[in-house]
Amino acid sequence: MLQADQIARQEERLSGRAACPQAKVPSYQDLLDAALDDTFPASDPLAIGAATQVYEPRTTPRDCVDWTLKPGACKPVGQAGEAGDAASLPQGERSARCDARLLRTQLIASRRVPAGPCWIEQTTEAATLSWLDGGGAVQQLELALEELRCLLAQEVLERPEPA
């Protein structure tokens, strides 16, 4: 809805009484106000709410998956010894073998481990570091998880980034 000064300028412009070239054409603000009035007329307050809603449905491949939990799939959270505790994992269950690389020869738990490729298998309590010795025989060393974290933090042992 135009204000009094905008109406006066518009009448001056349309009647041809405008003196300077800038007054002969509508200003950017006048055009913007007119466009907003055309889009959202003051007499139709629902137009603003309707313009913010998406009318076309948008779907992705994730919409095809049933994300609801099956009854009994998860135990209640926040109870001692329930889901989320390390103790709830099966004892001694090993993770998948993870390839790694020892960047320099290291003395770990009084054993000399040569630099080179190795692999790690981890349980809930410990990790097993395995490597091939000079004769091709597999050597293994049990590590506490804290020792494994220290080797990774000191950048003595590195794991490749997941692809």
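Every number here is computed from the coordinates shown, using simple stated rules; none is lab data. Bear in mind that the values here come from a model prediction, so they are computed numbers and not experimental data.
The phi torsions of the range 129-140, fed into the Karplus equation with coefficients 6.51, -1.76 and 1.60 and a -60° offset, translate into couplings of 9, 10, 7, 9, 7, x, x, x, 7, 7, 10, 9 Hz, rounded to whole numbers, with Gly and Pro shown as x. Compared with the rule-of-thumb size 2.2 N^0.38 Å for a compact globular protein, the range 88-158 has a Cα radius of gyration ratio of 1.08.
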